[in-house]
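Inspection log for the structure reproduced underneath, given as structure tokens.
The values are calculated or read from the model by the stated rules, or taken from the named source; none is laboratory data. The model shown is predicted, which means the values in this text are computed figures rather than measured ones. Counting neighbours? That spans all protein chains shown, and the Cβs are built from the backbone with ideal geometry, glycine included.
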Amino acid sequence: MKIDAHHHFWRYSPDQYAWISTDMAVLRRDFLADDLRQTMHGAGIDGVVTVEARQSVEETRWLLELAQENEFVKGVVGWLPLAADNIQVELERWSKHSMLKALRHVLHDEPDDAYMLGAEFNRGIQLLQKFNLAYDILIFEKHLPQTIRFVDQHPNQIFVLDHIAKPRIKARAIEPWNKLIAQLAKRPNVFCKLSGVVTEADHRSWSSADIQPYLDTVLNAFGPSRLMFGSDWPVCLLAVSYARWVRTIHEFIAPLSATERDQILGSTAAKAYRL
């Protein structure tokens with residue numbers, strides 16, 4: 001089974017999705033299950049992991065409902081208030097939903113770059129393993145040093161790095177991102193998604209050559225057994241169509257063995273998220 005390990009659904013409203021700015025006109029509409037079903041099947045994708053896009057318990061509930069209604073949705077990365085005093089109660093409640101596979105917080109939007117090192121947040125993270133939940137790490141390159149410290153506090157927790165930590169591809173800057181990614185990848189409990197890459201490049205003129213050094217870096221660092229394909233649809237539409245991103249990844253992994261290609265296109269996601 002070929003799995004897209006990172007995409008979003010939303011019913012668009014300017015208030016609920018304030019991060020979708022006016023220069024992102026292509027995103028300022030609804031993106032729902034029927035839209036994705038046709039798009040992914042045309043690209044040869046069999047199933048998806050749905051990821052939160054607005055940090056609310058209400059959205060987590062809605063995504064779980066969509067997962068129950070649509071067989072191609074294999075799991076949900078939701079949001080819960082991990083730093084809240086009552087997080088254990090919330091986890092006990094929501095982990096009863098079998099389609100909830102992981103949680104995520106938009107760390108890169110926090111005013112404090114060290115938010116992930118806070119005691120309250122880490123108390124919530126410490127509980128995730130008990131409930132068999134992974135944690136998706138959403139950061140910019142600048143957050144990698146503290147991310148390594150964060151991960152080291154939870155050596156048995158499964159982490160999934162989103163968007164290869166958003167390196168500065170448009171500026172053609174690869175250091176120190178490449179060295180920090182290599183350090184992070186030494187932690188065997190950390191997986192990485194091949195998602196959100198071209199949106200960090202020049203949206204209008206990126207080429208495969210522009211992103212190749214970044215893809216090579218994460219492949220060498222994590223290996224196919226901890227690397228997974230993700231589209232970041234519909235956000236990817238800012239820079240690339242769904243079908244073109246699928247083709248780009250197929251071209252990138254073509255030199256690998258059949259087993260390694262299968263890992264990146266599905267079995268790594270199935271392992272990390274218990275699909």
**Asked** Do any residues in region 258-275 that are farther than 14 Å from L194 by Cβ have Cβ atoms under 7 Å from those of residues that are part of a helix (DSSP H, G or I) and of a type in the set (D, E), where the two are at least six apart or on different chains, and which pairs are they?
**Response** none
**Fill in**
Checked against (1) in contact with a His (Cβ under 7 Å, 6 or more places away or on another chain); (2) of a type in the set (S, T, N, Q); (3) surrounded by fewer than 22 Cβ atoms within 10 Å (Cβ to Cβ), S205 satisfies every condition except (1)
**Prompt:** Any idea which of A134, A119, A83 is of a type in the set (G, A, S), on the phi < 0 side of the Ramachandran plot, modelled with pLDDT of 95 or more and under 20 Å from the mean Cα position of the chain (by Cα)?
**Reply:** A134
**Asked** Which one of these does D109 not meet: (1) in contact (Cβ under 8 Å) with a residue 60 or more places away in the chain; (2) under 29 Å from M1 (Cα atoms)?
**Response** (2)
**region 46-60, residues that are closer than 19 Å to A83 by Cα and of a type outside the set (S, T, N, Q)** = E52, A53, R54, V57, E58, E59
**Candidate set: region 162-202, residues that are assigned to a loop (DSSP other than H, G, I, E, B) and of a type in the set (S, T, N, Q); chosen: the one farthest from A243 (Cα to Cα)** = N189
**Message:** Whether any residue in region 173-181 is of a type in the set (G, A, S), free of Cβ contacts under 8 Å to residues at least 24 places away in the same chain, surrounded by fewer than 18 Cβ atoms within 10 Å (Cβ to Cβ) and in contact with a helix residue (DSSP H, G or I) (Cβ under 9 Å, 6 or more places away or on another chain) is what I want to check.
**Reply:** yes
**Prompt:** Somewhere in region 32-50, is a residue assigned to a helix (DSSP H, G or I) and of a type in the set (S, T, Y)?
**Reply:** yes
**Item:** Residues (β-branched (V, I, T), over 16 Å from G47 (Cβ atoms) and within 14 Å of the chain's Cα centre (by Cα)) located in region 217-275
**Value:** V235
**Fill in**
When (1) without any contact (Cβ under 8 Å) to a residue 12 or more places away in the chain; (2) under 18 Å from the mean Cα position of the chain (by Cα) are applied to H163, the one that fails is (1)
**Residues (in contact with a helix residue (DSSP H, G or I) (Cβ under 8 Å, 6 or more places away or on another chain) and either over 23 Å from D35 (Cα atoms) or of a type in the set (D, E, K, R) (or both)) located in region 224-248** = P224, S225, R226, L227, D232
**Prompt:** Which of the residues belonging to region 38-72 are more than 20 Å from M228 (Cα to Cα) and among the charged types (D, E, K, R)?
**Reply:** R54, E58, E59, R61, E65, E69, E71
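Per-residue answers, yes or no, for (1) surrounded by 14 or more Cβ atoms within 10 Å (Cβ to Cβ); (2) at pLDDT below 95:
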residue: Q16; (1), (2): yes, yes
residue: I20; (1), (2): yes, yes
residue: T39; (1), (2): yes, yes
residue: E58; (1), (2): no, no
residue: Q68; (1), (2): no, no
residue: V73; (1), (2): yes, no
**Request:** For region 215-228, indicate whether the set of residues that are among the small types (G, A, S), within 20 Å of H7 (Cβ to Cβ), assigned to a loop (DSSP other than H, G, I, E, B) and out of contact with any Leu (no Cβ under 6 Å at 6 or more places or on another chain) is non-empty.
**Result:** no
**Asked** Restricting attention to region 25-62, which residues are under 15 Å from the mean Cα position of the chain (by Cα) and among the aliphatic types (A, V, I, L, M)?
**Response** V48, V49, V51, A53
